[in-house]
Amino acid sequence: MALPSRTALRAATLGLLAQIAAAVAMPDAGAAATLKIEPGGERLAEALSRASPGDILVLEPGIHNGPVVIGKSLVLEGRAGAVIDGGGASRVITVDAPDVTVRGIKVTGSGGLLETEDSGIFITRKGDRALIANNRIEGNLIGVYLKGPKQARVSGNRIIGLSAMRLAERGNGVQLWNTPGSIIENNEISAGRDGIFVTTSKRNIFRRNRIHGVRFAIHYMYTNDSEVSGNVSRGNHLGYAIMYSSRIR
């Protein structure tokens with residue numbers, strides 16, 4: 001029987017090494033855990049620090065202390081009555097990893113400075129494909145801020161701003177900057193400066209949102225090749241402000 005050539009052996013070895021590298025790089029879905037987090041203290045921050053990619057963190061009813069940073073690809077979800085309160089400091093939740101889901105939580109108590117982009121939920125450029133779904137995001141300067149992620153989705157949330165502040169001093173319900181392919185859909189937004197404000201972006205979809213009690217329901221700046229459809233604007237100063245933007249359909 002003929003022995004394999006050196007070329008064949010080298011190819012087989014390289015293939016095996018590639019398979020090993022891929023297995024090491026990929027998180028083990030079978031090892032993902034569901035972790036229940038009780039309210040109070042620093043339990044949530046500690047759980048996020050210990051969690052592994054793929055884990056599901058379930059918040060029990062009660063007040064969980066923020067601010068917190070999600071730096072791994074995982075799911076953070078709340079049972080009925082679960083609240084994350086930032087205590088008036090900075091950004092309540094920062095999403096700083098891809099493929100993160102935040103759902104079913106009341107998020108409140110951001111800081112009050114527009115200069116530092118204080119928000120209920122802040123998604124960094126690392127937060128590609130983030131899903132923010134079915135939350136009550138209330139009492140924050142900016143509701144949800146997408147700053148640079150690709151293909152993020154904000155869906156089914158109730159976003160209520162700071163109605164006690166003067167309109168010009170409020171943040172926006174949902175704010176986007178350079179976040180191509182992101183979708184904002186099926187949200188109810190009120191009491192912000194603008195309902196949805198987007199700048200320097202492309203290929204965004206805003207659909208079936210209900211917006212009331214703001215300045216501009218949807219405000220475009222320097223944004224192209226996007227879709228706006230099926231939204232309802234009621235009781236706002238203006239429905240749509242489209243500025244320096246092209247191919248909006």
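Taking the Cα centre of each part, how many Å lie between the range 71-100 and the range 178-227?
Each part's Cα centre sits 22 Å from the other's.
Counting pairs on different chains as well as pairs 8 or more places apart, how many Lys pairs in the chain have Cα atoms under 15 Å apart?
Counting lysine pairs in the chain gives 5.
Could you tell me which residue out of 34, 236, 49 lies farthest along the dipole of the chain toward its positive end? Charges go on the beta carbon: Lys and Arg +1, Asp and Glu -1, centred on the Cα centre.
Of the candidates, 236 comes out farthest on the positive side.
Looking at 197, 161, 107, which one has the Cα that reaches farthest to the positive end of the dipole of the range 66-248 (charges on Cβ: Lys, Arg +1; Asp, Glu -1)?
Result: 197, furthest along the dipole toward the positive end.
Tell me the angle of helix 6-25 to the major Cα principal axis of the chain, expressed in degrees between 0 and 90 and rounded to the nearest ten.
40 degrees
Taking H as built 1.01 Å from N, whose amide H comes closer than 5 Å to the amide H of residue 150, not counting residues under 5 places away?
128, 129
Can you tell me the dipole magnitude for the range 66-248 around its Cα centre, using point charges on the Cβ only (Lys, Arg +1; Asp, Glu -1), in Debye to the nearest 20?
340 debye
In percent, how large is the relative contact order of the chain, given Cα pairs closer than 8 Å and 6 or more residues apart?
9 percent
Can you say what percent of the DSSP beta bridges in the chain, counting only those with both residues inside, are antiparallel? Round to 5.
Counting only bridges with both partners in the chain, antiparallel ones make up about 0 percent.
Within the chain, what's the longest run with no GluC sites (Glu not before Pro) in a DSSP loop and at most 12 other beta-carbon atoms within 10 Å? Give the range, please. Let's see the in-between values first.
Working: sites that count: 42, 115.
Segment 116-249 is the longest.
In square nanometres and to one decimal, what's the mean projected area of the convex hull around the Cα atoms of the range 66-248?
On the way: hull surface 35.1 nm².
Quarter of the Cα hull surface area: 8.8 nm².
Which FRET efficiency value, to the nearest 0.05, do you get for residue 246 and residue 56 by plugging their Cβ-Cβ distance into 1/(1 + (r/R0)^6) with R0 = 51 Å?
After rounding to 0.05, the efficiency reads 0.75.
For the range 171-181, just list the computed ³J(HN,Hα) in residue order, Karplus coefficients 6.51, -1.76 and 1.60, θ = phi - 60°, integers in Hz, with x standing in for Gly and Pro.
Once θ is set to phi - 60°, the couplings for the range 171-181 become x, 8, x, 10, 10, 10, 9, 6, 10, x, x Hz.
Values quoted throughout were computed directly from the atomic coordinates according to the rules given, and no laboratory measurement underlies them. A quick note: this is a predicted structure, and the numbers were derived from the prediction, not measured. In this analysis, Cβ positions are derived from the backbone assuming ideal geometry, glycine residues included, and neighbour counts consider all displayed protein chains.
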